Amino acid sequence: MKPKKLNPKHLWMQFEDVLAPRLGLTVWDRAVYSYLLRHSLVIGKLQLHFAVMSVARALRLSNGPVRQAVRRLDELGALRLLDRSKTGHLVEMRLPEQIRAVRPSKNGGSRAVEDLPASALEATDFLQSWALRKTIHDRERGACFYCLRRTPANVQCLDHVVPRVRFGRNSYRNLVSCCIECNTRKSDRPARDFLRTLYRQGRLTPAELDARLRALKDLAAGKLRPPGFDDAG
Ligand SMILES: [Zn+2]
């Protein structure tokens, strides 16, 4: 199978943010997977024949850890070991998106998110992965949580309602998607004060201010769950 045209940014983000943490890859697993994937992409084929010794030499590892990493990657489904002989290993690489643990589900969510038990929701650090950060942006549906402006994906950021310096957590109850301007201007101020400032400046109508203050309460009360967690708990 010939790999289709890949988006390197997407590939790298899936690997670093979803695949590696999701599968619990060790540094050796990561190094071996990256090395093999890079070579398979260069030759344009997902099947790759290699000698453990040459991979070990290139990665400055000894043979044992490389052999173990290949076995582990095979068990985790990140590659398929097709043959092993004196001349070397024959494997078929799987791209991050082809790996079960990473594959998006039918509703567009990632299994990394979907498989999270409801009880784990409250303890989840939503900054820990790209997939989880995205669920917070998705919840706000492309609008800044504070000023309600439409916010293109490239200028969205995540803001701690209670700042980290005041021990605000990386919880879905404390993270909102907002525009860069609000993120900068709010800084370490309490969110309520900042919303009132936006109102005084005419950026929010009285009704919008009321709605934002209510949303702030709902957020802290755990009523604004990210998509995919709607039914949790
Ligand atoms: Zn804003």
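No lab work stands behind these numbers, since they all come straight from the coordinates. All figures in this text were calculated on a predicted structure; none of them were measured in a lab. Neighbour counts run over all protein chains shown; Cβ positions are idealised from the backbone, glycine included.
Which order do peptides 25-36, 122-133 fall in by mean Cβ count within 10 Å, highest first? Can you show the working numbers first?
Details: 25-36: 18.8, 122-133: 17.2.
Averaged packing, sorted descending, gives the order 25-36, 122-133.
Which value results for Rg/Rh of the chain when Rg is the Cα radius of gyration and Rh the Kirkwood radius based on the inverse mean 1/r?
On the way: Rg = 22.4 Å, Rh = 20.2 Å.
Here the Rg-to-Rh quotient is 1.11.
Based on the Cβ-Cβ distance from residue 196 to residue 97, what FRET efficiency comes out when R0 is 35 Å, to the nearest 0.05?
On the way: r = 45 Å, r/R0 = 1.28.
Efficiency for this residue pair is about 0.20.
Of the listed peptides 169-176, 200-207, 49-56, 151-158, what is their order by residue-averaged count of other C-beta atoms within 10 Å, with the highest listed first? Walk me through the numbers before you get to the answer.
On the way: 169-176: 21.0, 200-207: 11.2, 49-56: 16.4, 151-158: 14.2.
So the order, starting with the most tightly packed, is 169-176, 49-56, 151-158, 200-207.
Using unit Cβ charges (K, R positive; D, E negative) and no other charged atoms, how large, in debye to the nearest 20, is the dipole of the chain about its Cα centre? Please report the intermediate quantities before stating the final value.
Values: 43 positive and 23 negative charges, 97 e Å.
Value, rounded to 20: 460 debye.
Residue by residue through the stretch 64-79, what is 3J(HN,Hα) from phi via Karplus (6.51 cos²θ - 1.76 cosθ + 1.60, θ = phi - 60°)? Round to whole Hz and write x for glycine and proline.
After applying 6.51 cos²θ - 1.76 cosθ + 1.60, I find x, x, 5, 4, 4, 5, 4, 5, 5, 4, 5, 4, 7, x, 7, 8 Hz.
Based on the Cβ-Cβ distance from residue 188 to residue 16, what FRET efficiency comes out when R0 is 35 Å, to the nearest 0.05? Kindly include the intermediate steps, with their values, before the conclusion.
Details: r = 29 Å, r/R0 = 0.84.
Efficiency for this residue pair is about 0.75.
Which one of 161, 42, 70 has the biggest mean-square fluctuation once the chain is modelled by GNM with Cα springs under 10 Å?
Comparing 161, 42, 70 in a Gaussian network model of the chain, the most mobile one is 42.
Hey, what number do you get for the chain at 222 nm if only DSSP H runs of n ≥ 4 count, each worth -39500 (n - 2.57), divided across all residues, to the nearest 500? Before the final figure, lay out the partial values.
Working: 10 runs with 95 residues, N = 233.
That calculation yields -11500 deg cm²/dmol at 222 nm.
Between the stretch 181-233 and the stretch 43-88, what is the separation of their alpha carbon centroids in Å?
50
Quick check: the angle from helix 191-200's long axis to the longest principal axis of the chain, C-alpha only, nearest 10 degrees?
60
I need to check one value: relative contact order of the chain, counting alpha carbon pairs closer than 8 Å and at least 6 residues apart, in percent. Can you show the working numbers first?
Numbers: 297 pairs, mean separation 37.0, N = 233.
Answer for the chain is 16 percent.
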